[in-house]
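J.: Mind having a look at this structure? Questions to follow.
The values are calculated or read from the model by the stated rules, or taken from the named source; none is laboratory data. These numbers come from a predicted model, not from an experiment. Counting neighbours? That spans all protein chains shown, and the Cβs are built from the backbone with ideal geometry, glycine included. Just the protein is used for accessible areas: all its heavy atoms, side chains included, with ligands, DNA and RNA removed. Shrake-Rupley method; radii C 1.70, N 1.55, O 1.52, S 1.80 Å.
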Amino acid sequence: MRHSALDPASTPDLQARIAELEQRVAKLEKINSVLIDRAERAVDNGQGSAFSLFQTAIGLERQVRERTCQLSRTLRRLEQVNAELADAKNLAERASRAKTRFLAQAGHDLLQPLYAARLTLSALDEVQTSDEGHRLTLRVERALFTSESLLKSLLDISQLDAGVVIPQVSTVALGQLLSDLANDFAPIAHLRNLDLRVVPSSVHVSTDPLMLKRILQNLVSNALRYTEKGRVLVGVRHRHDWIRIEVIDTGSGIPKDQHCAIFDEFHRGKGAASEPEVVGLGLGLSIVQRLIRTLGHRLALESEVGRGSKFSVELPRTEGLPLPLAQPFEDHPSQGRGLSGALVVVIDNDSAVREATAELIKRWDCKAVPICDLSEMEEVVAQRGRAPDLLLVDYHLDHGSGLDAIAAVHASCGVDVPAIVVTADYSEETEARVAAAGIELLRKPVKPAELRALMAHLLE
């Protein structure tokens, strides 16, 4: 993100004053040194009469005293300027933290209606009977996806700039991560008639697996976007205790005078693909640079116009057993095993999200019961004569959290009902609380296929 007006780095007047004062201090110290040296030489050499030496000493003493006073005043002014600079720095940091909190809250509030719109659109698409209807819903879905991607990217940049993202470093097997990349991007490469080659690797590295995966996803996506023909190659080179992951393409290449600009926000180079499946927002490389800085890894770029580019990520190699990476859900799960007839209670204080979620899962042959808080839960159990089969709960409710609601349902029903917490809160604190409770977590906006897959898994 750009420096704000309160950023100390953007206050040239303070910086200029400090530089000027430091120069004056150095000059005064030099003058004092010369005067003292001159007096000592005069006394040592015994030049002139005793009276002239006395006069010289008095004169030099007066000059030293004056210069010392000037030096003291200059030092006091320098201390004052430093204090002003420290105040400006603290003010800038407070403004940055406030901006991060605002963006996090604004992102949560903006993602809520987008999530409701996507759920409603999915239900609408399932009742379409014409090709034109499916085509229009697809266009709306792509527009929603672009809006969601933009909001999530802006939130990521804000959190990375504020330093609130703490890497969870562990031992990671690159083989599994590279295999996931190949599976994720194979359909896009096929669509563009490109040869995507991901070379397997058995090496282990020390990094945050989710951050590294995000870096490589952005680099591969960028390579496919700017390659009209040829191939994209992802491979690993060994460098003693370091390894280098390279993403090489035969695309349009990047002029040398653009090697820095491509990491700016919303910068898009010429020759980007126009297909909706690979549309870009100009934020991918900006996020890559921030993630690399947060992890302490190194990023290098080599490119030649007309011949392609090579992005390289250098990170430390390690030994030992890797921690397993979280596996993504399939986009097209098997049809409804365990879903048919399941009683699913949807607890959400946002009426649009609540109704849209209920409408969607009814299409999956579930019995959906939308409620806004726990006060309605006893009535639901009494009417149905049994506990629900599954809970879909928003994390932020009007009274307490989604975890509190789940615990209350378990206590009242006397059974641990499977539950999923769905939230637009991307904070690590919320994620840790949900994980500690042993509850499944999905972040809004949730893909309907992802929600259906997890529901089917929990209801097996």
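J.: Of Lys367/Lys444; Lys213/Lys362; Lys213/Lys444, which ones are farther than 30 Å apart at the Cα?
T.: Over 30 Å apart, Cα to Cα: Lys213/Lys362.
J.: Going by amide H atoms built from the backbone, whose H comes under 5 Å of the H on Leu397, apart from near neighbours?
T.: For Leu397, the qualifying residues are Gly402.
J.: Note down the nm distance, to one decimal, between modelled labels 7 Å out along Cα→Cβ at Asn90 and at Asp195.
T.: 6.2
J.: Something else about it: Once label points are set 7 Å from the Cα along Cα→Cβ at both Arg244 and Ala83, what is their separation, rounded to one decimal in nm?
T.: Once both label points are built, they end up 5.2 nm from each other.
J.: Additional query: If you take every residue apart from Arg363 with its C-beta less than 11 Å away from the C-beta of Arg363, what net charge results, scoring Lys and Arg +1 and Asp and Glu -1?
T.: For residues surrounding Arg363, the net value is -2.
J.: Can you figure out the FRET efficiency of Ala449 with Val305, using R₀ = 56 Å and their beta-carbon distance, to the nearest 0.05?
T.: 0.90
J.: What accessible surface, in Å², does a 1.4 Å probe find on Ile254, ignoring ligands, DNA and RNA and rounding to the nearest 10?
T.: The value for Ile254 is about 30 Å².
J.: I need the shape label for the range 179-249. Rule: rounded when a/c is under 1.5, else prolate if a/b > b/c, else oblate, with a, b, c from the alpha carbon gyration tensor.
T.: Prolate, since a/c reaches 1.5 and a/b exceeds b/c.
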